[in-house]
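The values are calculated or read from the model by the stated rules, or taken from the named source; none is laboratory data. Predicted model, so just to flag it, every value in this text is computed and none were measured. Using ideal geometry, Cβ is built from the backbone for each residue, glycine included, and neighbour counts are taken over all protein chains shown.
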Amino acid sequence: MTSPLVLAAAGQVGGDFFKERSSDTLPCQAQSDHLFCLDWAKDNIDRYGTPTVQHLEIVVLSVVIGFVVAFALAWLAHRRRSLQPPLLAATGVLYTIPSIAFFFLLLPLTGFGRDTAIIVLAAYTLQIIYRNTILGLANVPDAVKDAARGMGLTERQILWRVELPLAIPEIVAGLRVAVVSTIAIATLVVFINAGGLGTQMYGSGNLTFPTSILIAAAIVMAMALAFDLVLLTVQRLTTPWRRVRPA
Amino acid sequence: MSDAQASSVRYDEATKLYRGSSEPAVDHLSLEVPAGEICVLVGPSGCGKTTAMRMVNRTVEISEGDVLIGEHSVRDREPAQLRREIGYVIQQVGLFPHRTITQNIGAVPQLLGWDKDRIRARSAELLELIGLDPELGDRYPSQLSGGQQQRVGVARALAADPLVMLMDEPFGAIDPINRERLQNEFLRLQAEIKKTVLFVTHDIDEAIKMGDRIAVMREGGRVEQYATPAELLMAPATEFVEDFVGADRALKRLALMRVSDINLWEAPLAHVGQATAEVRAKLDAADVEVPFPLLVDDDRRPLGWLSERDLGADVVPGRTDSPLGPVLELDDVMRDALADLLQHETQYAPVVDHRGRIIGVLSVEIISEFLASPEAKTDEHPAVERPHD
């Protein structure tokens with residue numbers, strides 16, 4: 001964890017962080033058994049602004065890119081059923097690569113920084129979004145598609161007007177899992193010097209000073225909850241027919 | 001609805017051979033359905049009836065031969081465009097769960113580019129036509145019962161005033177009581193809108209009830225007999241048809257007849273205050289087959305049957321000893337009339353006209369003689385008009 005490479009990657013933030021905290025101006029940070037130092041938190045809350053924005057950017061970009069790619073793959077596999085198993089396997093394999101390994105494997109190709117982070121995080125979202133989109137499309141009752149075709153909707157109209165709207169719940173469910181897990185995994189991009197809230201968690205000093213970890217973790221969790229809530233709201237607003245009481 | 005447009009449908013040696021299959025699902029089918037009639041395709045599962053129906057809107061592509069709507073081959077049409085002119089109703093209804101009832105009914109008009117006001121007006125008109133509360137228009141399909149959903153399914157198929165309707169076991173998933181109601185409603189509707197309908201079912205009773213013509217099909221999409229329901233029941237063309245129609249086909253014929261279609265017995269009538277001797281004399285006449293006199297009022301409306309005890313007095317009493325039992329009308333369907341007789345455990349029932357005046361007497365004996373007579377099996381009986389309840 002604290003290999004020289006990692007420290008070098010996190011160096012800019014971590015080193016600075018360590019220095020600041022080693023001064024004697026803060027009363028409770030010297031006590032290693034002190035779980036949360038409120039005074040320090042009050043004085044240092046500003047330092048979370050930039051990492052939070054970075055974190056948000058990385059998450060949003062990753063999920064958007066992941067969604068576009070996964071959706072395109074799902075659409076392809078929906079039209080050509082024979083592609084479904086290989087695509088599921090391919091996205092599954094990506095998902096099983098350990099994240100640290102994935103980051104470092106890409107370093108020679110894409111280098112340190114945000115690009116690598118986004119590529120890896122987007123790749124991780126593929127499996128869940130792809131699988132849920134396929135699932136949602138498959139759950140559309142055959143009778144509904146048969147009726148749509150029999151009434152004269154073209155294949156494209158069936159997809160956009162019938163299948164996709166009906167698949168929204170599954171697609172959004174996939175997105176929710178993807179977003180929450182991406183927000184969590186994005187704390188690791190600090191190791192490839194891509195910023196984010198991980199910068200406030202990792203650093204040698206933090207091992208004996210949990211206050212910053214707690215603050216960063218709280219922001220990460222709040223972010224995950226907020227995104228989840230937003231997506232849930234979007235789903236409810238776009239699927240009014242699911243909220244009616246059946247006969 | 002004033003616009004009663006409909007086209008004939010003609011199968012011309014239409015054949016469907018599915019890839020990888022050696023036997024055609026439909027084999028050189030030739031069949032003409034006149035405009036405005038209901039043609040029922042009936043047969044056991046796997047006989048190709050649905051495949052044959054689906055050739056019309058090209059949800060099944062024709063391998064060989066042709067299907068013509070009016071004068072035009074469906075093969076010359078772009079499938080999606082063609083389908084917008086053909087109503088489509090399926091057993092599982094297939095309403096769009098994410099669209100309101102109004103939007104569902106307006107689906108084809110929307111594809112055809114109608115403006116919003118016209119679609120709304122048309123939806124409301126159709127909701128009324130199928131007997132649904134216009135307020136249901138803003139509901140979603142899941143909020144309706146199965147029967148209501150299929151009514152909407154029929155309305156949706158009618159929305160753009162199609163030339164032809166395809167109905168694939170439309171009432172097959174509905175409970176028997178509601179099925180009968182929907183069948184009757186559709187027949188009543190059809191009497192108004194006069195569409196050309198291809199109706200698929202595996203139920204011969206439904207076929208007899210719904211069809212102006214019935215095509216009995218067997219494996220390989222071959223038509224064994226194409227005839228009116230009465231012809232089919234009277235003269236099954238092949239052993240297959242005879243088996244399929246069933247051993248009770250004589251009874252089924254009763255569903256196609258009305259009481260007015262059969263020769264009734266004359267009722268020996270008696271009036272209040274009439275001398276009983278006079279009534280007895282009537283009963284003894286050679287051509288009277290009803291053993292009891294029927295008491296009627298001054299307007300010849302039946303009051304009750306006179307028993308031996310009633311006739312013991314000098315004059316006919318004002319009240320009869322035995323109850324009147326069922327009273328039938330000339331318009332009653334024969335099958336229902338027989339059911340009435342059997343249910344009341346009686347041999348005879350007076351038949352009245354629409355003003356309630358006595359016309360004659362129907363007996364179980366008349367019906368059984370009719371069913372046993374050679375005429376019942378061979379004659380073209382006039383009762384081909386379907387019963388509309």
Report task. Specify the residue that is surrounded by the fewest Cβ atoms within 10 Å (Cβ to Cβ); the eligible residues are those in the stretch A:120-148 that are touching a Phe, Trp or Tyr at 6+ places or on another chain (Cβ under 9 Å) and facing chain B (nearest Cβ under 8 Å). Result -> A:146
**Report entry** Condition check for residue B:158: among the aliphatic types (A, V, I, L, M), in contact with a helix residue (DSSP H, G or I) (Cβ under 8 Å, 6 or more places away or on another chain) and at the interface with chain A (Cβ under 8 Å from one of its Cβ atoms)
**Finding:** no
Report summary line: Over the stretch B:38-53, the set of residues more than 13 Å from every other protein chain (Cβ to nearest Cβ) and either buried (at least 20 other Cβ atoms within 10 Å of the Cβ) or within 16 Å of residue A:151 (Cα to Cα) (or both) is B:38, B:39, B:40, B:41, B:42, B:43, B:47, B:48, B:49, B:51, B:52
Query - Condition broken by residue B:87, with the remaining ones in (1) more than 14 Å from chain A (Cβ to nearest Cβ); (2) touching a strand residue (DSSP E or B) at 6+ places or on another chain (Cβ under 9 Å) satisfied - result: (1)
Query raised in the report: Quick check, is residue B:127 assigned to a helix (DSSP H, G or I), under 22 Å from residue A:147 (Cα atoms) and not basic (Lys, Arg)?
Result: yes
Query raised in the report: Can you tell me which of B:208, B:174 is part of a loop (DSSP other than H, G, I, E, B) and buried (at least 20 other Cβ atoms within 10 Å of the Cβ)?
Result: B:174
Query raised in the report: Mind checking which residues of the stretch B:177-190 are surrounded by fewer than 18 Cβ atoms within 10 Å (Cβ to Cβ), aliphatic (A, V, I, L, M) and more than 11 Å from the chain's Cα centre (by Cα)?
Result: B:177
Report task. Could you tell me which numbered condition residue A:247 fails, if it satisfies all but one of (1) in contact with a Lys or Arg (Cβ under 8 Å, 6 or more places away or on another chain); (2) within 14 Å of chain B (Cβ to nearest Cβ)? Result -> (1)
Requested in this report: Starting from the stretch B:227-253, keep only residues that are farther than 27 Å from residue B:342 by Cα and modelled with pLDDT of 80 or more, then list their pairs with residues that are β-branched (Val, Ile, Thr) and not in a loop (DSSP other than H, G, I, E, B) whose Cβ atoms are within a distance under 8 Å, requiring at least 6 positions of separation or different chains.
Outcome: B:227/B:214; B:228/B:214; B:235/B:378; B:236/B:245; B:240/B:216; B:241/B:216
Query raised in the report: In the stretch A:149-162, is there at least one residue being crowded, with 19+ Cβ neighbours inside 10 Å, touching a strand residue (DSSP E or B) at 6+ places or on another chain (Cβ under 6 Å), part of a helix (DSSP H, G or I) and free of Cβ contacts under 8 Å to residues at least 60 places away in the same chain?
Result: yes
Report summary line: Filtering the stretch B:137-152 down to residues that are facing chain A (nearest Cβ under 9 Å), surrounded by fewer than 20 Cβ atoms within 10 Å (Cβ to Cβ) and not hydroxyl-bearing (Ser, Thr, Tyr) yields B:139, B:143, B:146
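Let's see how each residue does on (1) modelled with pLDDT under 85; (2) over 21 Å from residue B:293 (Cα atoms); (3) surrounded by fewer than 17 Cβ atoms within 10 Å (Cβ to Cβ); (4) touching a Leu at 6+ places or on another chain (Cβ under 6 Å):
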site: B:339; (1), (2), (3), (4): no, yes, yes, no
site: B:344; (1), (2), (3), (4): no, no, yes, no
site: B:347; (1), (2), (3), (4): no, no, yes, no
site: B:354; (1), (2), (3), (4): no, yes, yes, no
site: B:360; (1), (2), (3), (4): no, no, no, yes
site: B:366; (1), (2), (3), (4): no, no, no, no
site: B:374; (1), (2), (3), (4): yes, yes, yes, no
site: B:377; (1), (2), (3), (4): yes, yes, yes, no
Report task. Tell me which of these residue B:112 doesn't satisfy, since it passes every other one: (1) hydrophobic (A, V, I, L, M, F, W, C); (2) under 25 Å from the mean Cα position of the chain (by Cα); (3) within 10 Å of chain A (Cβ to nearest Cβ). Result -> (2)
Report task. May I ask you to say which residue of B:93, B:56 is surrounded by 19 or more Cβ atoms within 10 Å (Cβ to Cβ), within 13 Å of chain A (Cβ to nearest Cβ) and at positive phi? Result -> B:93
Query raised in the report: If we scan the stretch B:71-78, do we find a residue that is in contact with a Leu (Cβ under 9 Å, 6 or more places away or on another chain), modelled with pLDDT of 90 or more, within 11 Å of chain A (Cβ to nearest Cβ) and surrounded by 15 or more Cβ atoms within 10 Å (Cβ to Cβ)?
Result: no
